[in-house]
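Read through the structure below, which is laid out as structure tokens, and then see the notes.
Every read-out reported here was derived from the displayed coordinates using simple, explicitly stated rules and does not represent laboratory data. Quick caveat: nothing in here was measured; it's all calculated off a predicted structure.
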Amino acid sequence: MGSLRAVPVLALLFIAAVSAQTTPFNITTLLAQFPDFSELNRLLSATNVSEEINSRQSLTLLALSNSVLSGFQTTLDVGDVLRYHVLLQFFSIDDLQALPENATGVTTLLQTTGRVQENAGELNIYNTPAGVVFGPTVLGSTSNASLVTNISRVNYDISVVQIDRVLIPAPLAPASEPTTAPASAPATSAPAPSSGTTPASAPAPASATVPAPATIPASGPAPASATTPASAPAPVAKPPAKPPVTPVEPPVTESAPAPEGSSPGGNGAGVIKGGIITVFASLVTVLFM
């Protein structure tokens, strides 16, 4: 009877031993075999994402090499960025290359946190002629990465494949918020200044003042024409030339006393002669004026 009771105990020990052998993999131990991924291994342990991976089965880890992570800087939650690189489905490199050309949506470990909106924690896989490409399912993100090679796998538990860039989910991308805010504010304000400058038509009054100078020259010619008539008095000055005609008459009176020994008839002839001389002198005077 004692041996019969020992059978269940041995069976339990056997089951425990089998289950221990089929225990989920340890991602930390697995990555420790690849020095080129030591930084990724360190970050997974520091953020406790490695524990979340070890507690699951049928996963695909999109691994980032030391050279990629060395230049990566972010103010985002590094743990959430790493969770975005853990697919909740097993894909060997052959499986990935056999996918259709159309996008294949896959849920990531980030989606399980509840910190993303809708399906922002999912990835699309594109099997293009140039190779397999991974990218966010949400529009507005340019964070895409290409498949490089296979790293390691534990069949149907975990597959580790290398990609060439860090994937950032669209809702967490810092560029999404800064780009939309400046685009709306400056874009609408830019036309406003242009319309504000339309009052620059006020210079039109400046052109209206141009006719004002035109009126000034108009009044200018008026005085000029007024001065031209001033030349008219020149001919008026000619009449003063007549006074010399009157001074010529005294010689006629001087010839009057001459008839002291002459007859009265001779006196009349002298007067006529003097008159002729006076008229002649007057004509000469008028001609030479």
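Give me, ordered by chain and number, the residues 5 or more places off Val132 or on other chains with an amide H under 5 Å from its own placed amide H.
Close amide H contacts, sequence-distant or interchain: Leu147.
What are the residues whose amide H is under 5 Å from the amide H of Ala63, where those residues sit 5 or more places off or on another chain and H is modelled from the backbone?
Here Val161, Gln162, Ile163 satisfy the definition.
I need the phi-derived Karplus couplings for segment 69-75: 6.51 cos²θ - 1.76 cosθ + 1.60, θ = phi - 60°, integer Hz, Gly and Pro marked x.
6, 5, x, 8, 10, 7, 9
Amide H neighbours of Tyr84 under 5 Å, at least 5 residues apart or on other chains, H built in the peptide plane: list them.
Leu110
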